[in-house]
Each structure stands twice: as C-alpha cells, then as structure tokens.
Amino acid sequence: MQDDFLGIWGDSRITGKPVADDIISRKKTFPVLHALEWEARHGYDDLAGMYDSHLPDERRVPAVLQLLERAGARATTRARVEDSLEATLRQIELTHGEPIATTLLVDLAAALVQRDS
C-alpha cells in the first residue's frame, strides 16, 4: 500500500516517476479502488467515468486527485499502511524469534512503510 500511496502522491524528484504516475497509467490501486467504492456507496460515478474516458492524461490528473481527496482515499491509504505495519509488528513479536532476526524484521517492516521512493 505504501507503493500505491507513492504512485499517486509521491514526490517525483524522489520516486523518479512522473507525478501521479499510477493515475496516468490508470492503475486501479488501493486508493483508486477505495474511492470507487466510496463513490458507489454515495451515488457518484465521477471517478469511474474518468477512468473510462479518453481524456488526455495530463488533463485527467488534477480532477482524479480531487475525487480521491473527496473520498478520503489519501487518509484511508495512510491509515491502512499504518495498520498493516502494526499487524506485522505484532506477528513478528509472536514468533519469539532470535533477537537479532526479530530486530532485522522490525527494521525492514518500518523501512518499507517509511520509504519515499
């Protein structure tokens, strides 16, 4: 989910990808799927229409970003990333593994969530 977050809201100078690359590619990543589900529950189909349209990519991005914000996709994705990290850390703790291995796994999990590229 961190990758999904970065594919939409990541800093292009750090990620090396264009701003909102996943939107330009019309990928249905977690934030987009969340927003599509939110729209369906609230009687909207704006985002679905945008993903089905043939508008030039650069014209579609700001509108799609606005629709994602309306649906709370950014905040929901961040929360899911944090929830996944907490669940992972709990599972690592339950293994009662070797301290060095446990520390390495905890550090890896944290690095994956905190990465910005």
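Each reported figure results from applying straightforward, stated rules to the coordinates on display, with no laboratory input. In this text, all values refer to a predicted model and were calculated from it rather than measured experimentally. Note: ideal-geometry Cβ built from the backbone for every residue, glycine included; neighbour counts use all protein chains shown.
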Cα-projected label distance for L112 with S12, points at 7 Å along beta-carbon direction, nm: 2.9 nm
Mean shadow area of segment 34-117, taken as a quarter of the surface of its Cα convex hull (nm²): 7.4 nm²
Mean separation of Cα contacts under 8 Å (6+ apart) over length of the chain, as relative contact order %: 32 percent
Around V106: net Lys/Arg minus Asp/Glu count, Cβ-Cβ under 14 Å: -3
Span-like helix ranges in the chain, DSSP H, alpha carbon extent 15 angstrom or more, Kyte mean at least 0.0: 99-114
Linear extension gain, L33 paired with E93, 0.36 nm per residue minus alpha-carbon span: 18.5 nm
Value of [θ]222 nm, deg cm²/dmol, for the chain, DSSP H segments ≥ 4, -39500 (n - 2.57) each, nearest 500: -23000 deg cm²/dmol
